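Scroll down for the structure; my scribbles are underneath it.
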Amino acid sequence: MFEFHADAAKYFEINVANAERYIIPFIEKVKPIKIGMRVLEVGCGEGGVLKPFLDKGCIGVGIEFDEVRLIKGREFLANEIAAGKLRFVSKDIYKADVEADFGGAFDVIILKDVIEHIHEQHKLMAVMRGMLSAGGVIFFGFPPWQMPWGGHQQILKNKWLSKIPYYHLLPMGIYKSILKMAKENVAEMEEIKQTGISIERFEKIAMAANYEIVNLQHFLINPIYEYKFNLKPKQQFKLITKLPWVRNFVTSCVYYLIRKK
C-alpha cells in the first residue's frame, strides 16, 4: 500500500493542499467562493478537502459513512468544529435529510474521489438536486474506471499488485482469483469494480438528472499526483478528450462542475 493511504495526517494535508491549489480555483472559474457560503462534502473522510473552504469563511458540513475516519477528522479540525464553522455527520447520504441533518441547502457540494464508490449513482444525482440552493454547484473529481489504476490498486497491501496497471479490467472471476491468491480484501475490491464510472456514464446520468456542465477539465496527470508522487499535473491533450471511450484509458482524473438547469 502507498504509505500516504496509511498515514491519515499526511493524507489530510495532501487533500488540503490539492483543494487549495486546484479544486477551489476550478470552482471559482464559475462560482466565486465567498464568506458565509454553505459547503457540503459527500464522503468527506477526515475533512481535508473542506478545510480550505473553511479558511475562506465558508460554513462546512461533512457527511461520511465511515465513522472511523471522522474520529480523525474531529481531531484535525477541532478548532473549526469548536468555532461552529464545521460539523460532521456520520450517515449514508441516501438516508440524510437536508433540513434535519444539514440545517438547509448548500451553495457548493463536493464529491472528490467519491462517486466511483457509490451505488446507484443516478439516484445520487437526483438526491443532490434537493440539497442545492438556488445557483448552487456540485464539484466532482474522479478517475475514469478504465484508467491504469481505476480499480484503486494502490490501496492493496501487496506491493506488486498495487503498482500493476489495468488488470482491474479483467473479467470479474479472474480478477477475484488474483486478489484471493494475494490474500487481499476481495469484497472491497469487487465493490469498487462494480461502482467504477466512466466519463460517458457520468455525463449521461448528469444530463438525465437535468443538470448542465458549467466547467470541465480532463487530466493526463491528476493534480493530486503532485503531492502523492511528485509529478507535475498535466491537462489531457485536446484530441484525446474528444475520443469517447478511448479517453477513459489514458485520463487519470476528470474535474466537473455542474448545476441545475
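For the range 223-249, enumerate the residues that are among the aliphatic types (A, V, I, L, M) and touching a strand residue (DSSP E or B) at 6+ places or on another chain (Cβ under 7 Å).
If the condition is that a residue be among the aliphatic types (A, V, I, L, M) and touching a strand residue (DSSP E or B) at 6+ places or on another chain (Cβ under 7 Å), then Leu231 is the only one that fits.
Among the listed residues Ile192, Ile205, Ile213, identify the single one that is surrounded by 13 or more Cβ atoms within 10 Å (Cβ to Cβ) and not in a helix (DSSP H, G or I).
It is Ile213.
Could you say whether any residue in the range 237-259 is within 19 Å of His168 (Cβ to Cβ), of a type outside the set (Phe, Trp, Tyr) and more than 19 Å from the chain's Cα centre (by Cα)?
Looking through the range 237-259, at least one residue is within 19 Å of His168 (Cβ to Cβ), of a type outside the set (Phe, Trp, Tyr) and more than 19 Å from the chain's Cα centre (by Cα).
Do any helices (runs of 4 or more DSSP H) lying entirely in the range 1-114 carry at least 1 residues that are among the β-branched types (Val, Ile, Thr) and in contact (Cβ under 8 Å) with a residue 60 or more places away in the chain, and which ones are they?
Those helices (runs of 4 or more DSSP H) span 8-18, 24-28.
Within the range 104-161, work out how many residues are at pLDDT 95 or above and polar (S, T, N, Q).
Result for the range 104-161: 3.
Looking at Gly173, Gly135, which is the one that is surrounded by fewer than 20 Cβ atoms within 10 Å (Cβ to Cβ), assigned by TED's automatic domain parsing to the domain that holds Gly43 and either of a type outside the set (D, E, K, R) or more than 18 Å from the chain's Cα centre (by Cα) (or both)?
Only one candidate qualifies: Gly135.
Could you list, ordered by first residue, the pairs with Cβ atoms under 6 Å in which the first is in the range 146-167 and farther than 17 Å from Phe249 by Cα and the second is acidic (Asp, Glu) and in a loop (DSSP other than H, G, I, E, B), at least 6 apart or interchain?
As it stands, the answer is Leu156/Glu184, since those pairs meet every condition given.
The values are calculated or read from the model by the stated rules, or taken from the named source; none is laboratory data. For clarity, every value in this text was computed on a predicted model and none was experimentally measured. For neighbour counting, all protein chains shown are included, and Cβ atoms are generated from backbone atoms with ideal geometry for every residue, glycine included.
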